[in-house]
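Have a look at the structure below before the remarks.
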């Protein structure tokens, strides 16, 4: 069963906050739910499916559906870290296509700056069967990704300056976003001269840590058509997901799960990388973007460093405009989970509602990609292909 | 092929490099499946689980063969030799490692096949290169186990 054209994103909302000491996690989930419903012109009573991930407090979906006052017929609490919400959009579209629901709410909230969970990694899960073999070596999040960066440099000659180009592009976009956590443009020199956090990754190769959240609403074609906001609906054209695991102890650190999720999504949508006008690429670190661009087929494996040079990622006129909100590298990485904001900025681009300075002209096809877990160990990857309402 | 960030001056060595703080030795939590592995480390031996049905050398240790679904797993002695698959000189540590910087997180590819996460010790971190030969050393946790770390050979 294909989900192509069987569902639409009709509401999207990014919390404007980046530092929310006076809110509970449940309140932030509720605020983003309200924001997305208002964006769609829907009410709580219209929601018949609810999706959330490991950031939801308490009993996950049960607790949050209860708090919000939802009456849902189906739910899915798939947890793959920061990519969870892209999995959820695909699953919501499939459930809608199967006739099991018609309006699905997906929420994310987190407050790592103000008392919430610190950045994790599999070592944080002490009950995990792999924990004893990964939690005793001082693996934080950055040095794990640094292992992937080092190996990519070794195999393909990728340089720190090339990785820095990714941060520079994100920062050029963030300067137009009044809510961006880091609103100032930076140069390649500033990135490579920023303090080394985990060699070869510098501080400015890392994403921001922010409180906040976001939500999207996925609806059936019939429900989408009935809305006063139908003209802003974004079509779900393709979805792919993949687990990239530790390969039975023979891990390859130079590729991500996008090598499998990407082709699935492109095939379902019936398009190719060359057709894509805008990409939201998960950017926990610069190396995450570089590997993902290769794995999605925007360039050959190993050519990512050359591809991102010369402003290729800079909107609106680069070869592959990316993360025009400033991404996780500069704008927002709520709850250490960047997948939701990837979807939201793709929706803005397809609606023509991105900031004028970074709006891609005639943006008809967009890709959003999430990477959850860690490049150093195991990850859940999900790719969405989205289009304008009539795509 | 270039390897960025490596020391190019040949006279750097473990002896002349900057002092490297001693690493913490946090005790792992052995389970019913992994107790034989950790018991061996306490005796200064690195052992690996191998499938008796398909001969696959399993990593991470468990009593399940992810290659053929067998539960017939035996423990074999490892050579303790390998090469650095990747590494990071960590400048900002976490938890027990907060004050141990700089320290080296790495994957070492063992001669038997598995790529295992570990630390590289007894060296100037700036001198390390991918592909470098290393061998195992054991750091006792004082809790019936030892951490298997690696040092350049």
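Per-residue shielding of B:107-113, expressed as the average number of other chain Cβ atoms within 10 Å of the residue Cβ, stands at 2.
For chain A, DSSP calls about 75 percent of its internal beta bridges antiparallel. When a/c reaches 1.5 or more, the comparison of a/b and b/c decides; with that in mind, is the protein assembly as shown rounded, prolate or oblate per its Cα gyration tensor? The shape class here is prolate. Taking the longest Cα principal axis of chain A as reference, the axis of helix A:286-295 is set at about 70 degrees.
Taking label points 7 Å from Cα along the Cα-to-Cβ direction, residue A:390 and residue A:45 give a separation of 3.4 nm.
Can you grab the distance from the C-alpha centre of region A:1-55 to the C-alpha centre of region A:213-291, Å, no decimals? Region A:1-55 and region A:213-291 have Cα centres spaced 18 Å from each other. The alpha carbon centroids of region A:61-94 and region B:45-61 are separated by 39 Å. First check a/c for region A:214-290, with a ≥ b ≥ c the square roots of the eigenvalues of its C-alpha gyration tensor; if it is under 1.5, answer rounded, and if not, answer prolate when a/b is larger than b/c or oblate otherwise. It comes out prolate by the Cα gyration axes. Taking 7 Å steps out from each Cα toward its Cβ at residue B:55 and residue A:301 produces label points 2.7 nm apart. The convex hull built on the alpha-carbon positions of region B:54-107 has an orientation-averaged projected area of 5.6 nm². With Cα atoms as the point set, region A:57-152 shows a radius of gyration and Dmax of 17.3, 49 Å. Given R0 = 45 Å, the distance between the Cβ atoms of residue A:66 and residue A:250 translates into a calculated FRET efficiency of 0.55. Within 10 Å of the Cβ of each residue in A:125-135, the mean number of Cβ atoms contributed by other protein chains is 5. Computed from the Cβ-Cβ distance with R0 of 35 Å, the FRET efficiency linking residue A:184 to residue A:38 stands at 0.65.
Let me make sure I get this right: for region A:260-363, a, b and c are the square roots of the gyration tensor eigenvalues over alpha carbons, sorted descending. Under 1.5 in a/c it's rounded, otherwise prolate if a/b > b/c, else oblate. Which is it? Rounded, since a/c falls under 1.5. Taken along the Cα-to-beta-carbon direction at a fixed 7 Å, the label points for residue A:272 and residue B:35 span 5.9 nm.
Using a cut-off of under 12 Å, list every residue of region B:94-115 whose amide N is near the label point 7 Å from the Cα of residue B:76 along the Cα-to-beta-carbon line. Residues B:111-114 qualify, since their backbone N sits under 12 Å from the label point. Residues A:67, A:50, arranged from fewest to most other Cβ atoms within 10 angstrom of their Cβ, appear as A:67, A:50. Averaged over the residues of peptide A:248-255, the number of Cβ atoms from other protein chains lying within 10 Å of each residue's Cβ is 6. Here is the P(r) of region A:171-303: all C-alpha pair distances, binned every 5 Å from 0, give 2, 8, 12, 15, 16, 17, 15, 8, 4, 2, 1 in whole percents. For chain B, the pair-distance distribution built from all alpha carbon pairs, in bins 10 Å wide starting at 0, is 11, 36, 34, 15, 4, 0 percent.
For chain B, relative contact order (Cα pairs under 8 Å, six or more residues apart, normalised by length) works out to 27 percent. Here A:266, A:285 are placed in order of increasing Cβ neighbour count within 10 Å, fewest first, which gives A:266, A:285.
Computed from the C-beta positions of residue B:43 and residue B:98 and an R0 of 35 Å, the FRET efficiency is 0.70 to the nearest 0.05. Counting neighbouring Cβ atoms within 10 Å and putting the fewest first, the residues A:193, B:126, A:165 line up as A:193, B:126, A:165.
Any read-out appearing in this document is the output of simple, stated calculations on the displayed coordinates, not a laboratory observation. All values derive from a computational prediction rather than experimental measurement. Note that we place each Cβ from the backbone using ideal geometry, even for glycine, and neighbour counts take in every protein chain shown.
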